[in-house]
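The values are calculated or read from the model by the stated rules, or taken from the named source; none is laboratory data. On a predicted model such as this, the values are computed, not experimentally measured, just so you know. Here the Cβ positions follow ideal geometry from the backbone for every residue, glycine too, while neighbour counts run over all protein chains shown.
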Amino acid sequence: VRLDQGEEFDDFVRARLPSLLRFGRALTGSEAAAADLVQDALERTLVRWPRVISHGGDPEGYVRRVMVTRNISAWRRVRRERLAAEVPERVCTDPEPAWDSALWGAVVTLPPRQRAVIALRYYEDLSEAEIADLMGISPGTVKSQASHALAKLRSALQASGAQDDKAEAN
Amino acid sequence: MDDLEPRLRQVLARPLNVPVVEAFLVDVHSGARRRQRRRTAGLATACAIVLLGASLLFTGISQRPEPQPANEQLARIAVGNGPCCVATVGDSIWVLNLRDSTLQRIDPASNRAAEPVYVNAKAMAPAGDRLLLIDPNLGNLSLFDPATENIKPIKGFASRGGNVFDGQSLWLGSTNNGDLVEVDPTSARILTRMTIPGVPNYDSMTMASDHELWATTWDGDLIQIDLRNQEVVRRLRPFPEATDFVSIVAAGDHLFAVSGQIPRLLRIDQKTGRITARRPLTLTSPNSFPRLSQQPDGTLWLMRGPDQIDLLDPQTGETQTTHRVPLTNGHDATQHFAGGIATGFDSLWVGVWPDALEEGALVRQPFSTPP
């Protein structure tokens, strides 16, 4: 691969970086982790750039696919290390100003695969079949993952609302 | 309807701090160069090892290792993109290519693949001498006759979920409600329709006898159903922590189940519902789910990744043989999805499914069904 063929790649990054970072934030739950994930995916894409653009020319789809698989791999590695830990997973909050923080706080506690399905469905607007294709799982699994994720979010929002009501009453 | 979905769209698309693009690009280019150097160094090391091995072999110092039958490759046949499902029907092997939505016939005598036929399906399962095709967008189901290549739609029932062939009939469970139908695979007509109280939906399904069905639901329940009395006999939750994916197969007196969340294989006594064996699983790719498959010849298989498939003892669940599948050059298991498998013609057929940029392949390895 000739890395000096990167002009087209650079243009692609300039045009799509904000969108990729948002997608990365939805996958990882934080802006810092999103930047790392996007950089990792773009490095891998650049190494294979001539092939990426020679097959139907959907580099963004390719980068998204790499991000999804790399993020789940990373999570699994971390998870294996933490299986014995008794400390429950804590909500990670961005330093940026809270914005619908209850919902975002619930989103970041979803398992990575469910979060990926949610991000692809509600940020990338992909259909269930497209998500299944991208993640290499069956459409039924996509549907069940989305269903579980939405149920968890609703439940978390209800719990959060109940806490707010209690605090207000006190 | 609540406002969760529009809120989700807003929260996911909210503004963020974008780093300086040009600085980001410098980092990306620099990282890519490092990757390329590592790759080149890795290739050089691999070449050196191969040359050293060859020279040792030539001078007679090295003992030639015994060939491992389970690693032997009889053929590697180019197929379409995403060979997710493979089946043996009649005198042929059939491959469904998920990304192309095409079906391809493979001639086992010549190892040649016929031209792919577009079928608008993204999943396939054998049903006797027919193939069940599933269109996940609408949940449409149809039956493909390999002899005539005709397709008959199954009218009056849609599902993206469980299906199982009991030797005569095809049973289909609804993913949206508790509907369960029995379908004649030849005519594609619905023979029986029922709703079992307490079963909200169907995911994986396996048939234990002509009237005993096991099914998983999306809530993580494992349910034993008596089809004669149309009632739930037993409800288990073998993976309390898992709700996302369970694959089940009934073999003899046991039911085998695997989960992807914390990968392990369970053996469950069908009569008592007790777990009689647990085995942690090591996956070859963290991106893969473990998956069980029972072939029409009765063999039980466990896919531990796109490149490793275990033949299991149907009584104990222990691994009898491990088939290692050579993947595409330069790509490891993490860059592949797990393709479909089928047995037949003294072979194991494995769909090799690399990422979107590569065409798929069907790898043929020697395999004889144990007596």
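List of remarks:
- Residue in the stretch B:114-125 that is touching a residue at least 12 places away in the same chain (Cβ under 8 Å), closer than 21 Å to B:Leu292 by Cα and buried (at least 22 other Cβ atoms within 10 Å of the Cβ) present: yes
- Of the criteria (1) modelled with pLDDT of 75 or more; (2) more than 14 Å from chain A (Cβ to nearest Cβ), which one B:Ala48 fails: (1)
- Screening the candidates B:Gln365, B:Gln295 for the property of being under 15 Å from the mean Cα position of the chain (by Cα), away from chain A (no Cβ under 13 Å) and in contact (Cβ under 8 Å) with a residue 40 or more places away in the chain yields one hit, B:Gln295.
- Every condition in (1) assigned to a loop (DSSP other than H, G, I, E, B); (2) among the charged types (D, E, K, R); (3) away from chain A (no Cβ under 14 Å) is met by B:Arg235 except one, and the failing one is (1).
- Filter pass, A:Ala74 being over 25 Å from B:Thr217 (Cα atoms), more than 7 Å from chain B (Cβ to nearest Cβ), surrounded by 15 or more Cβ atoms within 10 Å (Cβ to Cβ) and at pLDDT below 85: yes
- Here A:Ser54 meets each of (1) surrounded by 13 or more Cβ atoms within 10 Å (Cβ to Cβ); (2) modelled with pLDDT under 85; (3) of a type in the set (S, T, N, Q) with one exception, condition (1).
Each row is one residue, and each column tells you yes or no for (1) closer than 25 Å to A:Pro112 by Cα; (2) free of Cβ contacts under 8 Å to residues at least 12 places away in the same chain; (3) aromatic (Phe, Trp, Tyr).
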{"residue": "B:Glu231", "(1), (2), (3)": "no, no, no"}
{"residue": "B:Pro238", "(1), (2), (3)": "yes, no, no"}
{"residue": "B:Val249", "(1), (2), (3)": "no, no, no"}
{"residue": "B:Ala257", "(1), (2), (3)": "yes, no, no"}
{"residue": "B:Gly260", "(1), (2), (3)": "yes, no, no"}
{"residue": "B:Thr272", "(1), (2), (3)": "no, yes, no"}
{"residue": "B:Thr276", "(1), (2), (3)": "no, no, no"}
{"residue": "B:Thr284", "(1), (2), (3)": "yes, no, no"}
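- Number of the exception - B:Arg189 against (1) crowded, with 17+ Cβ neighbours inside 10 Å; (2) of a type outside the set (S, T, N, Q); (3) under 20 Å from B:Asn140 (Cβ atoms): (1)
- Criterion violated by A:Gly136 - all others in (1) at pLDDT below 80; (2) more than 7 Å from chain B (Cβ to nearest Cβ) satisfied: (2)
- In the stretch B:57-97, the residues that are modelled with pLDDT under 50, of a type outside the set (Gly, Ala, Ser) and part of a loop (DSSP other than H, G, I, E, B): B:Thr59, B:Ile61, B:Gln63, B:Arg64, B:Pro65, B:Glu66, B:Pro67, B:Gln68
- Against the test of being crowded, with 20+ Cβ neighbours inside 10 Å, assigned to a helix (DSSP H, G or I), within 7 Å of another protein chain (Cβ to nearest Cβ) and at pLDDT 85 or above, the options A:Gln114, A:Gln145 yield a single qualifying residue, A:Gln145.
- Residue that is modelled with the highest pLDDT, among those in the stretch B:279-292 that are out of contact with any helix residue (DSSP H, G or I) (no Cβ under 6 Å at 6 or more places or on another chain) and crowded, with 18+ Cβ neighbours inside 10 Å: B:Leu292
- Inside the stretch A:119-133, residues that are among the hydrophobic types (A, V, I, L, M, F, W, C), buried (at least 23 other Cβ atoms within 10 Å of the Cβ) and facing another protein chain (nearest Cβ under 8 Å) make up a count of 2.
- Residue satisfying condition, being under 19 Å from A:Gly140 (Cα atoms) and touching a Phe, Trp or Tyr at 6+ places or on another chain (Cβ under 9 Å), within set B:Leu180, B:Leu170, B:Leu213: B:Leu180
- Among residues of the stretch B:312-330, those that are out of contact with any Asp or Glu (no Cβ under 6 Å at 6 or more places or on another chain), in a strand (DSSP E or B) and farther than 24 Å from B:Pro354 by Cβ, counted: 2
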